[in-house]
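Colleague: Dropping the structure in here first, questions after.
The values are calculated or read from the model by the stated rules, or taken from the named source; none is laboratory data. Everything numeric here is computed off the predicted structure, so don't read it as measured data. In this analysis, Cβ positions are derived from the backbone assuming ideal geometry, glycine residues included, and neighbour counts consider all displayed protein chains. We work out accessible area using only protein heavy atoms, side chains counted, and drop any ligands, DNA or RNA first. Shrake-Rupley method; radii C 1.70, N 1.55, O 1.52, S 1.80 Å.
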Amino acid sequence: LLTLTSGDLGQDMVSILQLVQNLMHGDEDEEPQSPRSRCLEDKVLKVELLSQTVCAFVILIDPAKFPSMELRHLAVPPAIYENGCAYFHEEEREGLAKICRLAIHSRYEDFVVDGFSVLYNKKPVIYLSAAARPGLGQYLCNQLGLPFPCLCRVPCNTMFGSQHQMDVAFLEKLIKDDIERGRLPLLLVANAGTAAVGHTDKIGRLEELCEQYGIWLHVEGVNLATLALGYVSSSVLAAAKCGSMTMTPGPWLGLPAVPAVTLYKHDDPALTLVAGLISNKPTDKLRALPLWLSLQYLGLDGFVERIKHACQLVSRSLTFK
């Protein structure tokens, strides 16, 4: 199908669409319809697919017409996270990498002028839980240009509490040791639903610790979805006061192509621009369009119902085990 020969004048649109259909579905008589194919019957998913087409069309519009498009409301964060800004991104970890850049620029005032030389005298430290998703630390170091010793892996509880929660007492000991060695505790990544078993760290205590030592607290995890519900655990609710959080509405709603969103609080637009959390490109605003259109179709009640349904499925699976 990918071979082109000399003298080939191309094919008409009907033939091309038939080729695409054959690539996607093959011979429907051989196999029953897969669950992924049946999910196309979901009307919300159809709205999401429509938004992808709209994005492609809008890119063709004269950039001078973009200011007339009311896209500012796409970046309004949920009411549970007051006075925050939003950054939409395709790669789930991209938002955290931008937040790390923002934290570096905030703590190292001369970083813009002197670059990495300012980090040499006082190395930054990023704290990750031992239960964090695999490869997260390596990804951050690659994106930020930091050596791996800038990462500090915090063990989980061994004596008291959940064995999948970060050991807060041991974390404080690590922070004190880093300060004594002339390092700068920069950022802590907490979990509101670990990748393996869905446990939530004691975010309230971690927040107090971060405030005490001037550390940026970032929270991520699937349990952040419960912030939309009327009943929220105290640990998850504490995430609303953190410096930033990354939310993944796509898996929550069963929509594979909507972007992740990182909510953050910062008062300096210049630093957020340098960190890459703000873009002057009009087309970057379109990242939020698939999510926004899907939420417009669902409405608040429909959104909450999908979250409730997902929580009920998890509860039933745990009961069966």
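Colleague: Which shape class applies to segment 208-258: rounded if a/c is under 1.5, otherwise prolate when a/b exceeds b/c and oblate if not, where a ≥ b ≥ c are the square roots of the Cα gyration tensor eigenvalues? Let's see the in-between values first.
Modeller: Details: a/c = 4.10, a/b = 1.75, b/c = 2.35.
Cα axes put segment 208-258 in the oblate bin.
Colleague: Treating only the Cβ atoms of Lys and Arg (+1) and Asp and Glu (-1) as charged, compute the dipole magnitude of segment 76-281 about its Cα centre; round to the nearest 20 debye.
Modeller: Values: 17 positive and 20 negative charges, 58 e Å.
So the dipole magnitude of segment 76-281 works out to roughly 280 debye.
Colleague: So how do 146-154, 108-116, 16-24 stack up, highest first, on mean other-Cβ count within 10 Å?
Modeller: On the way: 146-154: 15.4, 108-116: 12.2, 16-24: 10.7.
Result, highest mean Cβ count within 10 Å first: 146-154, 108-116, 16-24.
Colleague: On to the next question. Farthest toward the dipole's positive end in segment 76-281, which of Y139, A238, A225, given Cβ charges of +1 (Lys, Arg) and -1 (Asp, Glu) about the Cα centre?
Modeller: Y139
Colleague: Mind listing which chymotrypsin sites (Phe, Trp or Tyr not before Pro) in segment 211-295 are in a DSSP loop and have 15 or fewer other Cβ atoms within 10 Å? Provide the component values of the computation, followed by the final result.
Modeller: Working: sites: Y213, W216, Y231, W252, Y264, W292; in loops: Y231.
Sites meeting the loop and neighbour criteria: Y231.
Colleague: Ordering T226, T272, T283 by accessible area with a probe of 1.4 Å, largest first, what comes out? Mind dumping the intermediate values first?
Modeller: Values: T226 30, T272 5, T283 55 Å².
Of T226, T272, T283, the descending order of accessible area is T283, T226, T272.
Colleague: Right, next: Would you work out what percent of the accessible area of segment 76-281, with all protein chains in place, is carbon or sulfur (probe 1.4 Å)?
Modeller: On the way: 5130 of 9590 Å².
It is 54 percent, rounded to a whole number.
Colleague: Which whole-number value in Å² is the accessible area per residue of segment 188-259, probe 1.4 Å?
Modeller: Working: 2620 Å² over 72 residues.
Using a 1.4 Å probe on heavy atoms only, each residue of segment 188-259 averages 36 Å².
Colleague: Quick check on packing: order 89-95, 306-312 by the mean number of other C-beta atoms within 10 Å, highest mean leading. Please list the in-between numbers first.
Modeller: On the way: 89-95: 17.9, 306-312: 15.3.
My ranking of the peptides, most packed first, is 89-95, 306-312.
Colleague: Please give the Cα centre distance for segment 302-317 versus segment 201-280, rounded to the nearest Å.
Modeller: If you average the Cα positions of each part, the centres end up 21 Å apart.
Colleague: Just check segment 76-281 against the gyration tensor rule for me: Cα atoms, a ≥ b ≥ c as the square roots of the eigenvalues, rounded for a/c under 1.5, and otherwise prolate or oblate depending on whether a/b exceeds b/c.
Modeller: Values: a/c = 1.65, a/b = 1.11, b/c = 1.49.
Verdict is oblate for segment 76-281.
Colleague: Would you check the accessible area of K98, probe 1.4 Å, heavy atoms only, in square angstrom rounded to 10?
Modeller: Its heavy atoms expose roughly 40 Å² to the probe.
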